[in-house]
Amino acid sequence: MRTVNRAATLLLAVALLGGGVLMAVAGLLAALGRPGPLPSGWSATLTTARWADAPVRGVAAAVTLLGLVVLGAELRRWRPTRLRLTDDDGWHLHRRSVERRLARAVRSVPSVRRARVRVRRRGDAWRPRVTATGDPAARADVEFALRRELDRLTAPRRGPIEVRLVPARRTP
Amino acid sequence: MSNAAHRLLWTVLALLLVGAGGTAWAVGAGRLPGAGVPLVGAGPVRWWRAGAPWSGLAVAVGGLLLALLGQRLLAAARRVPDRLGGTLAHRGDGAGRTRVASGVLTGALERDLLRAPGVRRARVVLTGPVTGPDVWVEVRLAPSAGIGAARAHVDAAVRRFAATVGCRPAHLDVTALVDETSG
């Protein structure tokens, strides 16, 4: 969501910049009595369309819905960027770096090719979830590699490790 | 712009969208008066015609202001807050207080932190009162670095720093980024 927000702000800024320049050019041309860069029909549409018209109501409903979706996305609780190590000493690990490190540990298991790890926190317990491509028989090895890496990271209480191993597709 | 600033911006924009869209929908549905009125009424059209050429110039000025807002937003959005400058405050005997830029102090603590094996980068921010500052530390650790050893070193460095400066940190917050590769 943080990345989406940043991209959306950039888009909004570019739209404001472009729209503002277009509006300034149109205003200047109108002041000089010359035809503007915008299609001529838009002003007629705005002066004839009524609030009760179906397209106008449709656009209003879409705008409301978009606003509600954005509002919901902004107000819901986001995944914290840090994972707390213990209660009281103020130490945290950067979540993304931990997930990358754990994914690398999983990929070090023979027969595992691609791996993605997400770490959720329930109370003080870390609950890693692994999605990997490899032999399903390597599940125990994956769990072992993950536990060893979590030990190295001095992770606090650990919840159950969820492992999903998808066999690699054979090429004909 | 920080993540919080982006979030605040989009929350406000979403509220505006909901307010504007909801009001327009309510007018169109007949729950508010004005369903039969055109989107742009006779008043603005009369103003536009009667005010020519000044109305066109007014629109041009509005467009320039909008473009300026977009440019400022673009500049702010592209600027990532990489380096936060903390400020320490010292209350005097009478009214007022002295504010101290903490750059020199944080530089000393950062150099001490970088002396630990496996610490690749360190950033420190100090805020709050001089005698009991809040210490915010971010360290990037090599894959070979043990978290336990890094914790011990950071704690010792903060203790040394507190003893040298003559303060007692009120709050220590450390974020460690563990590198994936040794490159």
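The values are calculated or read from the model by the stated rules, or taken from the named source; none is laboratory data. Predicted model only: the values in this text are computed from it and were never measured. Every residue, glycine as well, gets a Cβ built from its backbone with ideal geometry; the counts of neighbours run over all protein chains shown. Protein only, heavy atoms only, side chains kept; ligands, DNA and RNA dropped before computing areas. Shrake-Rupley method; radii C 1.70, N 1.55, O 1.52, S 1.80 Å.
Here are some notes:
- In the stretch B:1-44, the residues that are assigned to a helix (DSSP H, G or I), more than 7 Å from chain A (Cβ to nearest Cβ) and either over 16 Å from A:Leu71 (Cβ atoms) or open to solvent by 50 Å² or more (accessible area, probe 1.4 Å) (or both): B:Ala4, B:Ala5, B:Leu8, B:Val12, B:Leu16, B:Thr23, B:Ala26, B:Ala42, B:Gly43, B:Pro44
- Matching residues in the stretch B:129-157 - criterion: being more than 23 Å from A:Arg100 (Cα to Cα) and buried (at least 18 other Cβ atoms within 10 Å of the Cβ): B:Val130, B:Pro133, B:Val135, B:Trp136, B:His153, B:Val154, B:Ala157
- Looking across A:Leu12, A:Leu85, one residue alone is at the interface with chain B (Cβ under 8 Å from one of its Cβ atoms), out of contact with any Asp or Glu (no Cβ under 9 Å at 6 or more places or on another chain), among the aliphatic types (A, V, I, L, M) and in contact (Cβ under 8 Å) with a residue 40 or more places away in the chain. It is A:Leu85.
- Any hit, the stretch A:90-99, residues being in a loop (DSSP other than H, G, I, E, B), over 30 Å from B:Leu13 (Cβ atoms) and within 24 Å of the chain's Cα centre (by Cα): no
- Considering the stretch A:46-61, and only residues there that are assigned to a helix (DSSP H, G or I) and either small (Gly, Ala, Ser) or open to solvent by less than 70 Å² (accessible area, probe 1.4 Å) (or both), the residue that is farthest from B:Val45 (Cα to Cα) turns out to be A:Ala61.
- Test: A:Thr64 is surrounded by fewer than 16 Cβ atoms within 10 Å (Cβ to Cβ), within 8 Å of chain B (Cβ to nearest Cβ) and over 17 Å from B:Ala58 (Cβ atoms): no
- Residues of the stretch A:33-53 that turn out to be aliphatic (A, V, I, L, M) and facing chain B (nearest Cβ under 7 Å), as a count: 3
- Boolean, A:Arg76 is facing chain B (nearest Cβ under 9 Å) and open to solvent by 60 Å² or more (accessible area, probe 1.4 Å): no
- Residue within the stretch A:137-148 that is open to solvent by less than 90 Å² (accessible area, probe 1.4 Å) and in a loop (DSSP other than H, G, I, E, B) present: no
- Selection from the stretch A:28-45 of residues that are exposed (fewer than 14 other Cβ atoms within 10 Å of the Cβ), of a type in the set (Gly, Ala, Ser) and more than 43 Å from the chain's Cα centre (by Cα): A:Gly33
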